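For reference, the structure discussed in these notes is given below.
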Amino acid sequence: MSSLDKPFEPNFGISRRDVFKIKERVPKRDFLIELIKENIKQSAEYIGTIRLSINEVCDFCSICESVCPKGAIIIEKRETAAIYFNPSLCSACKNCIDACPKNAITENKAFVDDLIPKAIKLFEKPKKICSCGNVYYTDAEICPECEIKNKKRQELLSYIKDLF
């Protein structure tokens, strides 16, 4: 007998009798339908897209937005900077993950329930203004440009001290 000739039997990891002992007050049909729905939600991985998550090191450089061929990532910079992701537009090319200089973007498996046709907010930070006048969106006390300048200044000073 081939696997096609056998009737479909869902495998939930427990015996049928034990399943019905768990929910004695709920009608068997309703309980099975609910159990199948939960199992489908948990295991129906969707290969055509990915779920993104962004961690705290993101500085809203907009590289991910510019390399996305489908426009699934949108960055808005106003009083707060926010990154929006539309999973229904994502083609799972992973250009955004590869292009991120801070490695702030990570991928997760996408499930059927994740395919909503609207953009969801992934990450948000408030706007800050540096003493030099630059606007930035990181947790640092000074903007990234001033950090680079200060680092170069320290390197130059240590080089000069080594000369004398």
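The values are calculated or read from the model by the stated rules, or taken from the named source; none is laboratory data. Treat the numbers as computed from the prediction; the structure is a model and nothing was measured. With ideal geometry, Cβ positions are generated from the backbone for all residues, glycine too; neighbour counts draw on all protein chains shown. Accessible surface areas use protein heavy atoms only, side chains included; no ligands, DNA or RNA. Shrake-Rupley method; radii C 1.70, N 1.55, O 1.52, S 1.80 Å.
Brief remarks follow.
- Length-normalised contact order for the stretch 122-164 - Cα pairs under 8 Å, 6+ apart - percent: 23 percent
- Accessible surface of residue 153 - all protein chains present, 1.4 Å probe, nearest 10 Å²: 130 Å²
- Among the listed pairs 77/151; 37/125; 70/128, a Cα-Cα separation exceeding 32 Å is found for 37/125.
- Residue 138 accessible area, 1.4 Å probe, all protein chains in place, Å² to nearest 10: 20 Å²
- When 152, 94 are compared by accessible area of protein heavy atoms, the largest-first order is 152, 94, using a 1.4 Å probe.
- Cβ-based net charge around residue 95, under 13 Å, with every Lys or Arg adding one and every Asp or Glu removing one: -1
- Put 83, 148 in order of accessible area, highest first, and with a 1.4 Å probe you get 148, 83.
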